[in-house]
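To start, the structure under review is shown below, and the notes come after it.
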Amino acid sequence: MQKMLTGLLAGAFSLAAATAMAEGDDHVTLQLKWVTQAQFAGYYVAADKGFYEEEELVVDIKPGGPDIAPPQVIAGGGADVIIDWMPSALASREKGVPLVNIAQPFKSSGMMLTCRKETGIKSPADFKDKTLGVWFFGNEYPFLSWMAQLGIKTDGSAGGVTVLKQGFNVDPLLQKQADCVSTMTYNEYWQVIDAGIPADELVVFKYQDQGVATLEDGLYVLEKNLKDPAFVSKMARFVKASMKGWKYAAEHPDEAADIVLENDASGAQTEMHQRRMMREISKLTAGSNGTLDPADYERTVNTLLKGGSSPVITKRPEDAWTHMITNKALK
């Protein structure tokens, strides 16, 4: 029954989209960085509440996953705009995919290392000779920069750390294969708690508190498209409606979580987890109207440049962000 309902809803959306397109609305394809969850609530809320429709837009929200790299999707023409973390976006830019940040709904970083207290880890200095779980696929960049700044090697040598390539779960910590694992404040940390390890048996190190936070979940487009006035207009309306969605989500967290659940075709998400996630996400979007803060950008770039022998980026980027879109969106 659930699958049938999902199919009917998808069909209804497709019909609505086709009707809107016929009426002349602009189409936008948004590629998410990860699967459907409250991390992206602002966009689902904007669609559900008609905020995109008010801006004469039809937005196709494409969920991500472990095998989906947003920079590759947009480079291949599969999206107009993507959500990505700035380390990944800047690394992609240096490698030839000219991504430009047009808006930054997330003001703070939710990334952290979560460790078992029984390992004796009390400060980053105690990471030496420990095994740390790290996400890859572009998510490893902030970690590697942090270790470089601490002067800790990541090759498993004495006095360094052994890096365990972590799947997008917390199993290595639960099974004691790693002393610490990568977690987000709004997701994996709570998976540890729900698995039965209480907070007082954990030690967490937030990247934001360690001074190595890098910007997450920004909106990026290809640089060449910003030369097209029609595209600029479309993105300005998209950002305006999206930020309206984020504001509504923060003010109505339970409703926003429910909207996300309605759009989860996988059926994998739960009400408790999504409602909890929505409240944590609101802490990260707090203080942002969508405009990138140049100081946050500079902190991110400086962190990435301090990557030791393997920096994330080798030179300071140029033209990697613009206020063109948000200036129009906030008029």
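Please treat every number below as a calculation from the coordinates, not as lab data. Predicted model only: the values in this text are computed from it and were never measured. Note that each Cβ is placed from the backbone with ideal geometry, even for glycine, and that neighbours are counted across all protein chains shown.
Give me the base-10 log of I(q)/I(0) for the range 188-254 at each q in 0.20, 0.27 Å⁻¹, Debye formula, one uniform scatterer per Cα, rounded to two decimals.
-0.98, -1.09
Starting with the fewest neighbours, write out Val81, Val192 ranked by other beta-carbon atoms found within 10 Å of each beta-carbon.
Working: Val81 25, Val192 21.
With the fewest neighbours first, Val81, Val192 line up as Val192, Val81.
Under 19 Å from the 7 Å Cα→Cβ point of Lys62, by amide nitrogen: which residues of the range 98-133?
98-102
Test of understanding: what is the full-extension gain from Ser233 to Glu298, defined as 0.36 nm times their sequence separation minus their Cα-Cα distance?
Stretched out fully, the Ser233 to Glu298 stretch lengthens by 20.7 nm.
What number comes out for the charge environment of Met243, summing +1 per Lys or Arg and -1 per Asp or Glu over other residues with Cβ under 14 Å away?
Once positives and negatives cancel, what remains is +4.
Give the relative contact order (percent, whole number) for the range 32-82; include only Cα pairs under 8 Å separated by 6+ residues. Mind showing how you got there, number by number?
Numbers: 37 pairs, mean separation 23.2, N = 51.
Result for the range 32-82 is 46 percent.
Residues with amide H under 5 Å of Thr29's amide H, sequence separation 5 or more or different chain, H placed in the peptide plane at 1.01 Å from N; which?
Asp60, Asp80, Val81
Between Thr291 and residues 5 or more places away or on another chain, which pairs have amide H atoms under 5 Å apart, with H built 1.01 Å from N, and which residues are they?
Gln104
Taking the Cα of Asp319, stepping 7 Å toward and past its beta carbon, and measuring to each backbone N in the range 58-79: which are under 18 Å?
Answer for the range 58-79: 75.
Taking Cα pairs under 8 Å and at least six residues apart, what relative contact order does the chain come out at, in percent? Walk me through the numbers on the way to the answer.
On the way: 605 pairs, mean separation 94.3, N = 331.
Relative contact order here is 28 percent.
Taking θ as phi - 60°, what are the ³J(HN,Hα) couplings along the range 117-125 by the Karplus curve (6.51, -1.76, 1.60), each to the nearest whole Hz, with x for Gly and Pro?
4, 5, 6, x, 6, 10, 8, x, 4
How far apart, in nanometres, would the label points at Ala268 and Phe136 be if each is projected 7 angstrom from Cα along the Cα-to-Cβ direction?
Distance between the two pseudo-spin positions: 1.9 nm.
Compute the FRET efficiency between Asn327 and Lys128 as 1/(1 + (r/R0)^6), taking r as their Cβ-Cβ distance and R0 = 41 Å, and round to the nearest 0.05.
Numbers: r = 47 Å, r/R0 = 1.14.
Calculated transfer efficiency: 0.30.
How fast does the chain diffuse by Stokes-Einstein, in µm²/s, taking the Kirkwood radius from C-alpha pairs at 25 °C and 0.890 mPa s?
Numbers: Rh = 20.6 Å.
Reported coefficient: 119 µm²/s.
Multiplying the sequence separation of Val204 and Lys306 by 0.36 nm and subtracting their Cα-Cα distance, what value in nm do you get? Don't skip to the end; give the middle numbers.
Values: separation 102, 0.36 × 102 = 36.72 nm, distance 2.28 nm.
In short, 34.4 nm is gained.
How large is ³J(HN,Hα), in whole Hz, for each residue of the range 60-71 in order, when computed from phi with the Karplus curve 6.51 cos²θ - 1.76 cosθ + 1.60 and θ = phi - 60°, using x for Gly and Pro?
9, 9, 9, x, x, x, x, 9, 10, 9, x, x
Could you tell me which of the pairs Lys117/Lys206; Lys224/Lys315; Lys153/Lys206 are separated by over 18 angstrom between their Cα atoms in the structure shown?
Correct reply: Lys224/Lys315; Lys153/Lys206.
Round to the nearest 10 and give me the degree value, 0 to 90, for the angle of helix 2-22's Cα axis relative to the longest principal axis of the chain.
Approximately 50 degrees, to the nearest 10.
For the chain, what does -39500 (n - 2.57) per DSSP helix run (n ≥ 4), summed and divided by total residues, give at 222 nm, in deg cm²/dmol to the nearest 500? If you can, show how the numbers build up before the last one.
Details: 13 runs with 135 residues, N = 331.
Computed ellipticity for the chain at 222 nm equals -12000 deg cm²/dmol.
When only DSSP loop residues count, what trypsin sites (Lys or Arg not before Pro) in the range 129-214 have their Cβ near at most 13 other Cβ atoms within 10 Å? Could you put the intermediate results ahead of the total?
Details: sites: Lys130, Lys153, Lys165, Lys176, Lys206; in loops: Lys130, Lys153, Lys176.
Within the range 129-214, the qualifying trypsin sites (Lys or Arg not before Pro) (loop, at most 13 other Cβ atoms within 10 Å) are Lys176.
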